Structures are given as C-alpha cells and as structure tokens.
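Take a look at the structure below.
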Amino acid sequence: MADVVKRVRRKGRGHRRNAPMSEINVTPFVDVMLVLLVIFMVAAPLMTAGVPLNLPKTAATAVPSDPEEPLVISIPAEGQVTLMNEPVADDEVVGRLRAVLTERQSDRIFLRADGAIPYARVVQVMGALNAAGYTNIVLVTDTGGPRMDG
C-alpha cells in the first residue's frame, strides 16, 4: 500500500510540472501601456491648433476649466477676428456669437489678443462680445509676466 501512495505522489509532482501556468504575466501589457503613454505625451502638444499670437505676459493665476470645450475668440497681430480657428468678418461677429450662445450651457468666452494689437481694437471686440450676450469674458495671457506687488 505504501508503494501505491509513493507512486501517486510522484505522478502528482510530474503532472504539476507539465500543467499550464495559471498566472497572468502583465509585463508585456505594462510595456505596451508605457509606449502608448510616451506616444500620447509627444503627440498631444502637436494636436493643439490655434491662431498664432504673441500673448502679453502677466502674473495672473489660471482660471478653472469648464466641462464643455472652451469658446475662444482670437485677434492676431493683423487684427482679423477669428472664432475658434475660423476667421469672421467684423459685421458677422455678433450674429455668429449669438448663434453659438444658444447652443452652449456656459456664457464663458476666452479672448486671446496679440500683444501688438491696439487697446481700442480689443475693447471693440469686447463690446461685440457683450452685445452678443457674453458677460463672462476671460482674457487669456501667458504666465511669467512682471508682478506689480513689489
């Protein structure tokens, strides 16, 4: 009887060596995820397209973001108004903005103006924004400007 028990134990040990592994190897998965992370980190800055501007620098802090895509109106150095990335004629600005306002939940709009633009042009566009119903206007600047607190 002892011989039979020893044979069964030996057979069981040998059987375990040939059995498939039941553990999951996550190393290849982690490698693929890290490669994808690097690809997205490199590609994300390239995906942001916009109107090239030389924004003024200020010491202001960042504005909290909205859940919906921000509405951006830009004034490049040439003075042509662009809504998102599409140029808009001056006489069409208010009408287009009113149409967009009916489709949005928020009345927040981001105004980007080149630093070389005269102040009068920026105020004209702000007046058009107000006439279209936008009262929450955020002026977009670059950080790192001079501080005025000494």
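Each label was represented as a point 7 Å from its Cα along the Cα-to-Cβ direction; for Gln80 and Thr61 these points are 3.9 nm apart.
State the percent of C-alpha pairs, over all pairs in the range 57-143, separated by a distance greater than 22 angstrom.
The share of Cα pairs beyond 22 Å in the range 57-143 comes to 22 percent.
Taking each residue as 0.36 nm, the span from Phe40 to Thr135 lengthens on full extension beyond its C-alpha to C-alpha distance by 30.6 nm. Counting beta carbons within 10 Å around each of Ser74, Ser22, Ser106 and listing the fewest first gives the order Ser22, Ser106, Ser74.
With a cap of 15 neighbouring Cβ atoms within 10 Å, and only residues DSSP puts in a loop, list the trypsin sites (Lys or Arg not before Pro) found in the range 93-129. Each step should come with its number before you reach the end.
On the way: sites: Arg96, Arg98, Arg104, Arg108, Arg112, Arg121; in loops: Arg104.
Passing sites in the range 93-129 are Arg104.
For the pair Gln105 and Met148 in one chain, pulling the backbone fully straight at 0.36 nm per residue adds 11.9 nm over the alpha carbon distance.
Since every read-out is calculated from the coordinates, none of them should be taken as a lab result. Quick caveat, the model's predicted, so the values are computed rather than measured. Neighbour counts are summed over all protein chains in view; Cβ atoms, including those assigned to glycine, are modelled from backbone coordinates with ideal geometry.
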